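Visitor: Got a structure for you, written out below as structure tokens; questions coming shortly.
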Amino acid sequence: MIMAIKNNQLVQMHYELKVDDNMLETNFEASPIEFEYGKGEILPALEMAIKEMEEGQTKDINIKAKDAYGEHNPKLAETLPISDFEGIDLEIGLVLEADEENGEIIKATVTEVTKDSVTVDYNHPLAGCDLDFKVLIKRIV
């Protein structure tokens with residue numbers, strides 16, 4: 001009988017994450033991640049996809065962009081004067097962090113640098129990407 005993972009259970013999971021067949025990260029050669037199921041500690045769509053899995057089971061899971069980090073929104077990019085970035089070694093792909101007034105940390109990726117300006121994108125780096133996971137449920141407590 002299959003015992004589905006239940007809320008508040010501790011799950012240890014190995015995973016690999018690919019986008020367009022490019023490996024982004026894996027922990028199959030390292031310690032599994034550990035999270036409490038149902039607490040929103042991993043992507044909600046991934047959490048739903050592993051719900052029926054058992055210890056020792058491996059599964060390939062595709063999560064569409066809209067269910068992962070959303071579609072890429074071009075309105076979330078802005079161009080700022082380069083003088084705002086004095087003392088920062090700017091390069092395309094650099095992720096900058098700033099504190100919002102409410103204390104939250106926002107991240108922006110540098111997408112363009114000219115002699116006068118810097119364009120930053122506030123979309124999550126994986127926005128607009130379908131995610132391909134391979135997961136192995138190592139342990140359910």
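Visitor: Can you give the FRET efficiency for residue 4 and residue 29, using 1/(1 + (r/R0)^6), R0 = 22 Å, r = Cβ-Cβ distance, to the nearest 0.05?
Guide: About 0.20, to the nearest 0.05.
Visitor: Please compare each pair in 6/107; 18/107; 39/66; 59/107 to a cut-off of 28 Å on the Cα-Cα distance and tell me which ones are over it.
Guide: On the way: 6/107 33 Å; 18/107 22 Å; 39/66 21 Å; 59/107 32 Å.
6/107; 59/107, as the Cα separations exceed 28 Å there.
Visitor: Compute the signed sum of charges (Lys and Arg +1, Asp and Glu -1) over the other residues within less than 13 Å, Cβ to Cβ, of residue 94.
Guide: Residues close to residue 94 contribute a combined charge of -4.
Visitor: Further question on the same structure: Go through 135, 122, 106 and say which Cα lies farthest out towards the positive end of the charge dipole of segment 94-141; charges sit on Cβ, +1 for Lys and Arg, -1 for Asp and Glu.
Guide: The residue sitting most towards the positive pole is 135.
Visitor: Okay, moving on. Using a 7 Å offset from the Cα along the Cα-to-Cβ direction at both residue 115 and residue 72, what is the distance between the two label points in nm, to one decimal?
Guide: My value for the distance between the label points is 2.9 nm.
Visitor: Expected output is a single nm value to one decimal: the length gained when fully extending between residue 58 and residue 138, i.e. 0.36 nm times separation in residues minus the C-alpha distance. What is it?
Guide: Difference between extended and current length: 27.9 nm.
Visitor: State to the nearest 20 debye the size of the charge dipole of segment 1-136 about its Cα centre, where the only charges are +1 on K and R beta carbons and -1 on D and E beta carbons.
Guide: In total the dipole reaches around 600 debye.
Visitor: Within segment 1-102, report the GluC sites (Glu not before Pro) that DSSP leaves as loop and that have at most 15 other Cβ atoms within 10 Å.
Guide: Loop-located and lightly packed - 29, 41, 52, 54, 55, 71, 86, 91, 100, 101.
Visitor: So how compact is segment 74-121: Cα radius of gyration and Dmax in angstrom?
Guide: Rg, Dmax (Cα atoms, Å): 10.8, 32.
Visitor: Same structure, new question: Just how far, in whole angstrom, is segment 1-73 from segment 84-126 if you go by their alpha carbon centroids?
Guide: 29
Visitor: For residue 107 paired with residue 92, estimate the spin-label separation in nm (one decimal), with each label point 7 Å from Cα along the Cα-to-Cβ line.
Guide: 2.0
Only the coordinates and a few stated rules stand behind these numbers; no lab work does. As the structure is a computational prediction, the values presented were derived from the model and not from experiment. Reconstructed Cβ throughout: ideal geometry from the backbone, glycine too, with neighbour counts over all protein chains shown.
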